[in-house]
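Engineer: The structure under discussion is supplied below as C-alpha cells; questions concerning it will follow.
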Amino acid sequence: MQTIDETRLRGAFERVDLSMLKSHVDELLQVYAHICKDVVAAYPTLCEEMERDFCHLVRLVANDGINTFCIDLPAAGKHFDRCLSEGKYTVSGLPLTKRCPRSVMYPQFLRGLHSLVFSKSGCLREDCDVEAVLFLRQFYYCAKKARLDCSHDKVIDAIEDFYRTDDLLPEVSDFWNVDQPSHEDHEEAHTGFGRSQIYLSRVGPDEDQVRCLLRVMDTVSGHLGVTLGLYRPTGWRFRHGPGAVSERTGPINKYRFVNWSERLEREYPIADYGFYNHSAWASDVDMGLEIGSSDPASRLISVPKTLNGPRLIAAEPTEHQWCQQNIWHFIGTRCADSWIQRFVHFHDQTLNQNLCRRGSMDGSLATLDLSSASDRVTPHFVGNLFRCNIGLVMALQSTRTRYVEQNLDSRFPSKYALKKFSTMGSAVTFPVETLGFLSIALAATLVQRGLKGTMEDILSLEGQVAVFGDDIIVPTDSRLLLTRALEVLHFEVNVGKSFSEGNFRESCGVDAYKGIDISPVYWRSPCRNEPEEIASTLTVRNSFYRRGYWHAAAYLASTIPCVKQLARVPISSGAFGVESFLGLDVSGFQRRICRSLQKDQVRLLGMSAKQRVIHTGCDSVLLQFFTEDPDLSQPWAGGVKQRPRLRLCRGWVDMESLGS
C-alpha cells in the first residue's frame, strides 16, 4: 500500500512562512494534511494526487490565508452539492474549481476523488462512490464553522441587510401598535389569508392555485388555532431564558421588574405574574412602583458566526422575555399533546433528519431552507395564522417588542420601529414561525393533491411533511407551489440550501446522499490549555474517529494537553474521554468500591461547570426560587447567576455509567 511521503509534506509546510499566519491556519494545514492521509488509506492509488493537491492548498493559503479554508472551500462545496443534486458537474468560475485539461469537466483540485463521482463529461457516474463524496465534502466544509470574528465590514453588511429586509415588509396595522386593541380591531385587521388584500395583491391573475392555497391556509390555521385551545397565562410556566436581555447596566436581576408597560399589564398583570405574592407587590407599590408608559426596545447584538458574517440577534426586554417564555411553554406543550407533533418536534430534529434521509433515497421528498426567515415573519401573517385564537393573538400583541436599538454603527438608526413580528432573541419567534411554515407546507401539499383540508386529509400527510424552524420538508411535487406561496407571504427560499432533484438532501444538520449521512465534521479552533477548547477539540476528535478518519482523529488527540489523563471510553457512551471502538480502558486509573453506593468506581478527569452567583439582597429571590423549583436535596443559591465557567477536575465515576 502506498503512503503519503512525510518528507514531501514537511517540505510543503517549510515553503510557507507559517509564523506569519494565524494559529488557525497552521492548525488547519495540519488537519488537512492528516485528512489527506485518511484519503490515501482508503484509496492508495491516489497517493501522488493527494500530495499534489495538498501542496496546491498550501500555496493558496500562502496567498489568501484563512479565507481559503473558511470562504473559498465552502463556496466550492456548495457548488459541488448542487452538481451532486442535479447529476452533472458544471463550470462555476469559483476558486479551486479550475477545470482539468483535455475537456474533463470536473476540477483539477481533488480530481482523483472527483473522478470517482463524475465522469469526464461531468455526468454523475452510475457507480458513484459515496465514500469519495464523503471525503470531498469533508475537504470542502471542514473549516466552514471555524470560530472566528469576521471583519467590521461584514458586520456592516449584516446590519444593512437587517434594515433592508425589514423595510421591504408591509406596514404594520394599528392593531399591533396600540396599547389597548379590541377584539373588533383584531377581526378587522386579520380577515384571513384568503381575503387579505396584502397577499391577494401579490398573486397574479392566472394563479388560481395560489389563491386556493391561501383559502386552504385559513382552514389549516383554523385547525391549528383550535387545537392549541384557550390560552390563559396562569396555567403555564414563566421563566427567564439563558440569553442576554436589552438592559445594559451591569449584572441584571431578572426577577425584579422595573419597566412593566401598560400594554403588558393588559394581559399579564404584574401583581399576578411579576411577584411571588400580592403582598410583595403591595409593598413595592407603597415604595413607589408604577406601571411604565414607555415602550421598551430590544437591543441589536452582533454574535460571531463565521468569517463570512455574524449572526444578528436582538436581546429582548426582561419583562417581555419573561412573558414570552410563558407563551412558548403553552405552544410547546399543546403541540406535543396533539396531532401537531406528527409534523413538528420542537425539541428534537430526528423527524426532519429521518425524512431527509428518505428523500435522498427515493427523491419523493424535497428539503427547503429559507433566507432570514425570522426577519420576514410579519405581524399580519401571525394575526391571520392565529385568527381564530383571539387570546393567543392578544398575548402575542402585548409581548411583541416594537422597537430595536443599536449602537453597532452610527450610519444606521439608533432606534427603529420594526415591521417584522419579532427578531431572533424573542422566545416566541421559533414556535410561531414553525407553526406558520407548517400551515403553508400542509396547505401547499393539500392543494397539490386536490384535498380540501379536513383533519383526515391533514393526517394523511404524516411522514410527508415536517417543519423545524425554517427547515421545511414536503413532497417533491408540492415544492413549486410551496415556493410560490412563500413568496406571496413575503418569505424567500434559500435556493443554495434547498434540494428537490437527484439524491442529495439537507435538513436540520444532516446532509444525506442515497440515504447515507454524508455530513462533514466541523473543525472549530486550535486547542489551547483552556477547558472549553479542550472539550471542543475532544468532541471534534471523537467525531472524526466515529467516521473513520483515523489519522485526523489521532492528530487532534495529540493536540490535547491532557490527553494522557483521559480514559478510553466506548463509542457514543456519553462519557468524557477518548472514544474507541475497542471499548472501555481505565487501566492505570485509581479504582474503588464505593461503600455507601456499593458500586465500582474509577477516578477520572472530567469537566464541571462552576457558576458564580451575585446575591441581590432583596425578596425577589423568592420569585426566583418558585420559578426555578430547585431540588431541595441539592444546594441552591438565589441571585444573579453569571455565565458558567468550565473547569477540569477529577472525580469518582460509576463504572456502569461508562458502559463497562
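Engineer: One residue is enough: does region 341-361 have a residue meeting the conditions charged (D, E, K, R), assigned by TED's automatic domain parsing to the domain that holds GLN464 and more than 30 Å from ILE516 (Cβ to Cβ)?
Structural biologist: Within region 341-361 (the criterion being charged (D, E, K, R), assigned by TED's automatic domain parsing to the domain that holds GLN464 and more than 30 Å from ILE516 (Cβ to Cβ)), the answer is no, since none of the residues qualifies.
Engineer: Kindly establish whether TYR141 is of a type in the set (Phe, Trp, Tyr), without any contact (Cβ under 8 Å) to a residue 24 or more places away in the chain and crowded, with 16+ Cβ neighbours inside 10 Å.
Structural biologist: no
Engineer: In addition: Is it the case that some residue within region 470-482 is under 18 Å from the mean Cα position of the chain (by Cα), charged (D, E, K, R) and in a strand (DSSP E or B)?
Structural biologist: yes
Engineer: Restricted to region 553-574, and to residues that are within 26 Å of the chain's Cα centre (by Cα) and crowded, with 19+ Cβ neighbours inside 10 Å, which residue is farthest from ALA535 (Cα to Cα)?
Structural biologist: Applying the filter and picking the extreme gives ALA553.
Engineer: Suppose we keep only residues that are of a type in the set (Val, Ile, Thr) and touching a residue at least 40 places away in the same chain (Cβ under 8 Å) within region 470-503. Which one would you say is surrounded by the fewest Cβ atoms within 10 Å (Cβ to Cβ)?
Structural biologist: Only one residue fits best here, namely THR476.
Engineer: Next question. Can you report the number of residues in region 487-526 which are in contact with a strand residue (DSSP E or B) (Cβ under 8 Å, 6 or more places away or on another chain) and at positive phi?
Structural biologist: Residues meeting the conditions: 2.
Engineer: Another question, then. Within the group GLU506, GLU533, GLU579, which residue is in a helix (DSSP H, G or I), crowded, with 16+ Cβ neighbours inside 10 Å and of a type outside the set (Gly, Ala, Ser)?
Structural biologist: Just one listed residue meets the conditions, GLU533.
Engineer: Say we look at region 80-96 and pick out the residues that are among the hydroxyl-bearing types (Ser, Thr, Tyr) and modelled with pLDDT of 90 or more; which of these is nearest to ASN503 (Cα to Cα)?
Structural biologist: Residue satisfying both the conditions and the ranking: SER85.
Engineer: Assess whether GLY229 counts as being in contact (Cβ under 8 Å) with a residue 60 or more places away in the chain, in contact with a Leu (Cβ under 8 Å, 6 or more places away or on another chain) and not β-branched (Val, Ile, Thr).
Structural biologist: no
Engineer: Within region 91-101, work out how many residues are in contact (Cβ under 8 Å) with a residue 12 or more places away in the chain and either small (Gly, Ala, Ser) or out of contact with any strand residue (DSSP E or B) (no Cβ under 8 Å at 6 or more places or on another chain) (or both).
Structural biologist: Total meeting the criteria: 3.
Engineer: Right, next: Does region 47-74 hold any residues that are among the small types (Gly, Ala, Ser) and surrounded by 18 or more Cβ atoms within 10 Å (Cβ to Cβ), and which are they?
Structural biologist: none
The rows are residues; the columns are (1) assigned by TED's automatic domain parsing to the domain that holds TRP176; (2) closer than 30 Å to CYS388 by Cα; (3) crowded, with 20+ Cβ neighbours inside 10 Å; (4) within 26 Å of the chain's Cα centre (by Cα).
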residue: THR227; (1), (2), (3), (4): yes, yes, no, no
residue: LEU230; (1), (2), (3), (4): yes, yes, no, no
residue: ILE252; (1), (2), (3), (4): no, no, no, no
residue: LEU264; (1), (2), (3), (4): no, yes, yes, no
residue: ASP272; (1), (2), (3), (4): no, yes, no, no
residue: PHE275; (1), (2), (3), (4): no, no, yes, no
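Engineer: If we keep just the residues of region 301-340 that are touching a helix residue (DSSP H, G or I) at 6+ places or on another chain (Cβ under 8 Å) and among the hydroxyl-bearing types (Ser, Thr, Tyr), which is farthest from ASN253 (Cα to Cα)?
Structural biologist: The extreme case among them is SER338.
Engineer: Are there any pairs, at least 6 apart or on different chains, whose C-beta atoms fall under 8 Å, with the first in region 114-127 and within 14 Å of VAL91 (Cα to Cα) and assigned by TED's automatic domain parsing to the domain that holds LEU46 and the second buried (at least 18 other Cβ atoms within 10 Å of the Cβ) and among the β-branched types (Val, Ile, Thr), and if so, which?
Structural biologist: LYS120/VAL104
Engineer: Testing VAL344 on (1) in contact with a strand residue (DSSP E or B) (Cβ under 7 Å, 6 or more places away or on another chain); (2) part of a helix (DSSP H, G or I); (3) under 30 Å from PHE499 (Cβ atoms), one condition comes back false. Which one is that?
Structural biologist: Of (1) in contact with a strand residue (DSSP E or B) (Cβ under 7 Å, 6 or more places away or on another chain); (2) part of a helix (DSSP H, G or I); (3) under 30 Å from PHE499 (Cβ atoms), only one is false for VAL344: (2).
The values are calculated or read from the model by the stated rules, or taken from the named source; none is laboratory data. Note that the coordinates shown come from a computational prediction; the quantities given were computed from them, not determined experimentally. Cβ sites come from the backbone with ideal geometry, for glycine too, and all protein chains shown count toward neighbours.
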